[in-house]
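Everything below concerns the one structure shown next.
The values are calculated or read from the model by the stated rules, or taken from the named source; none is laboratory data. Source: prediction; values computed, not measured. With ideal geometry, Cβ positions are generated from the backbone for all residues, glycine too; neighbour counts draw on all protein chains shown. Side chains included, ligands, DNA and RNA excluded: accessible areas come from the protein's heavy atoms. Shrake-Rupley method; radii C 1.70, N 1.55, O 1.52, S 1.80 Å.
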Amino acid sequence: MGKIVFGNKEIITQSVYPYAYSNGKVVLRVSAREEDVSENDLKQLKDNMLPIEYYECKTVMDAETGALTETDAWELKATYDNYDSGEYVSSYKDGVYSCEITRVGETEKAVRRNTADIAYLGIMAGVEL
C-alpha cells in the first residue's frame with residue numbers, strides 16, 4: 001500500500017509509477033481503490049502545480065522468521081516533479097480508479113515562460129503581437 005501527497009491532499013493508492021510513451025510523452029500513472037478515494041480526489045491532480053510525493057508503509061523483517069511486517073510509519077520513496085500540464089485522463093474498472101497526468105518537460109516550460117514574457121512586453125510597449 002502507498003499514498004501520494006501533494007499540497008495538503010493525501011490519497012491512498014494501489015500503484016504509482018511514471019510511464020513513457022513511444023512518442024516521448026511522459027505520464028504519472030496512479031491507481032486507487034474506490035473505497036480509498038473518489039474520482040474528485042484524483043481530479044485534483046489535474047490542477048496541481050506542486051511536487052507529488054509517493055510514500056509506502058515501512059516494512060520490518062523479523063530476525064527469527066524472516067517475515068516482513070508493515071508498520072504504521074510511512075517512508076518517502078519518490079518525488080515526482082513537473083506533472084502540471086493540466087492533462088488528465090482517467091478510467092474506472094472493477095472498483096479501481098486509474099488516472100494519468102502528463103509531465104511538462106523543462107524545454108516546454110521555458111518556451112511557455114518566454115512566450116508569456118514576450119506577450120507581456122508587447123502589451124507594456126503597446127505593440128500588438
| query | Here are some residues: Asp81, Asp72, Asp47. Which one is in contact (Cβ under 8 Å) with a residue 12 or more places away in the chain and open to solvent by less than 90 Å² (accessible area, probe 1.4 Å)? | reply | Asp81
| Which numbered condition Ser31 fails, given (1) without any contact (Cβ under 8 Å) to a residue 60 or more places away in the chain; (2) farther than 14 Å from Ala78 by Cβ; (3) open to solvent by less than 20 Å² (accessible area, probe 1.4 Å); (4) not aliphatic (A, V, I, L, M) | (1)
| query | If you take the residues of the range 108-117 that are of a type outside the set (S, T, N, Q) and at pLDDT below 70, which of them is least open to solvent (accessible area, probe 1.4 Å)? | reply | Ala110
| query | Taking into account only those residues within the range 2-18 that are within 20 Å of Lys93 (Cα to Cα) and out of contact with any Asp or Glu (no Cβ under 7 Å at 6 or more places or on another chain), which is surrounded by the most Cβ atoms within 10 Å (Cβ to Cβ)? | reply | Val16
| said: Which of the strands (runs of 3 or more DSSP E) found entirely inside the range 26-103 contain at least 2 residues meeting this: under 15 Å from Gly2 (Cα atoms)? | reply: 26-33, 52-61, 68-80, 96-102
| task | Report yes if some residue within the range 29-46 is modelled with pLDDT under 95 and farther than 27 Å from Gly95 by Cβ; otherwise report no. | result | no
| Pick from the range 82-107, criterion within 21 Å of Asn23 (Cβ to Cβ) and charged (D, E, K, R), ranking: modelled with the lowest pLDDT | Glu106
| message | Just to be sure I understand, how many residues within the range 1-22 are in contact with a Cys (Cβ under 7 Å, 6 or more places away or on another chain) and assigned to a strand (DSSP E or B)? | response | 0
